[in-house]
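> The structure under discussion is supplied below as structure tokens; questions concerning it will follow.
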Amino acid sequence: MKLKYWNGLIFAFALFVCLSWGMINNKSLATIPSTQTTIRHQLIPSRIDLIAQANSGEFIQPPLPYSYQALEPYIDAQTMEIHYTKHHRGYVNNLNVAIAKHPELKGQSLEELIENFEIIPDDIKTSVRNNGGGHFNHLIFWSIMSPNGGGEPTGEIAKAIQKNFGDFEQFKTKFKEAGSKQFGSGWVWLMMTQEGKLEITNSPGQDSPIMQGNYPILGSDVWEHAYYLKYKSSRGDYLDAWWNVVNWDEVNKRFEEAKSIM
């Protein structure tokens, strides 16, 4: 509770400084509704690290919490290396290039940028949406996988899945259907809505549920670069195999945090 309290103060102070600086330069984010509450998400690294990197004006790509080959045989090492070093790193680099064009945005957290992407300056709006979303989504993606993952869900998320979807097998079927139906590149999510309901949804490109004020609990990348080397065009096979690396402990943490703030 104390950590959340101080983190909230830090976010509020950073936002105040950014808004004040922007107004001095006639480049403010003053159009952000003053009553809007920013959703706080449990990412990797810690929230404090994310604040520090935002305040320095440079977003960073944290190291993977496991080796490239750690998720074999379900996700191959070559896919992991390319995915992390080329795709995710590209999102981070491109986001930093975009933010550098507007100093008034320095100090904004990653969440604040993509939650409010619709009022980002027009010349970088698309870049922030795509690259900020890509950075955010991949931070979640890496954190909810583990070489020790797989098996049946446990804890409170297991009870919630049973209550909302019948059982784990029915949940996996619905999740796979949503992921398979996503036309082109995108993501499939288990999210908590603003009303506190669990829903399965998909999103195009690098869009995220937080862009609509929802909380992503579990998400699978269904861009072809996430699976094509091993599974070719069989996205469904990839989604079936993916459950073998899901880190249910981390998913439970995200679920508990979602309940505490939604």
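> Loop only per DSSP, at most 15 neighbouring Cβ atoms within 10 Å: give me the GluC sites (Glu not before Pro) in the range 139-215, ordered by residue number.
Sparse-neighbourhood loop GluC sites (Glu not before Pro): GLU195.
> Quick one: P(r) of the range 155-261 from all Cα-Cα pairs, 10 Å bins, percents rounded to integers, in order of increasing distance.
Computed distribution, short to long bins: 15, 48, 32, 5.
> Around HIS83, under 12 Å between beta carbons, what's the net of Lys plus Arg minus Asp minus Glu among the other residues?
Within the 12 Å Cβ shell, the charges total -1.
> Restricting attention to the range 155-262, which chymotrypsin sites (Phe, Trp or Tyr not before Pro) occupy a DSSP loop and are surrounded by at most 15 other Cβ atoms within 10 Å?
Those that pass, being in a loop and sparsely packed, are PHE183.
> At most 11 other Cβ atoms within 10 Å and a DSSP loop assignment: could you name the trypsin sites (Lys or Arg not before Pro) in the range 214-257 that fit?
Taking the range 214-257 and a limit of 11 other Cβ atoms within 10 Å, the loop trypsin sites (Lys or Arg not before Pro) found are LYS232.
> Checking the cross-link filter: which lysines have an alpha carbon closer than 24 Å to that of LYS259, excluding same-chain neighbours under 8 positions apart?
LYS2, LYS4, LYS159, LYS163, LYS172, LYS174, LYS197
> In the neighborhood of TYR68, defined by Cβ-to-Cβ distances under 10 Å, what is the net charge if each Lys or Arg adds +1 and each Asp or Glu adds -1? Each step should come with its number before you reach the end.
On the way: positive: none; negative: GLU72, ASP76, GLU81.
Every neighbour counted, the sum reads -3.
Each reported figure results from applying straightforward, stated rules to the coordinates on display, with no laboratory input. All figures in this text were calculated on a predicted structure; none of them were measured in a lab. Positions of Cβ are generated from backbone atoms using ideal geometry, with glycine treated the same way; all protein chains shown enter the neighbour counts.
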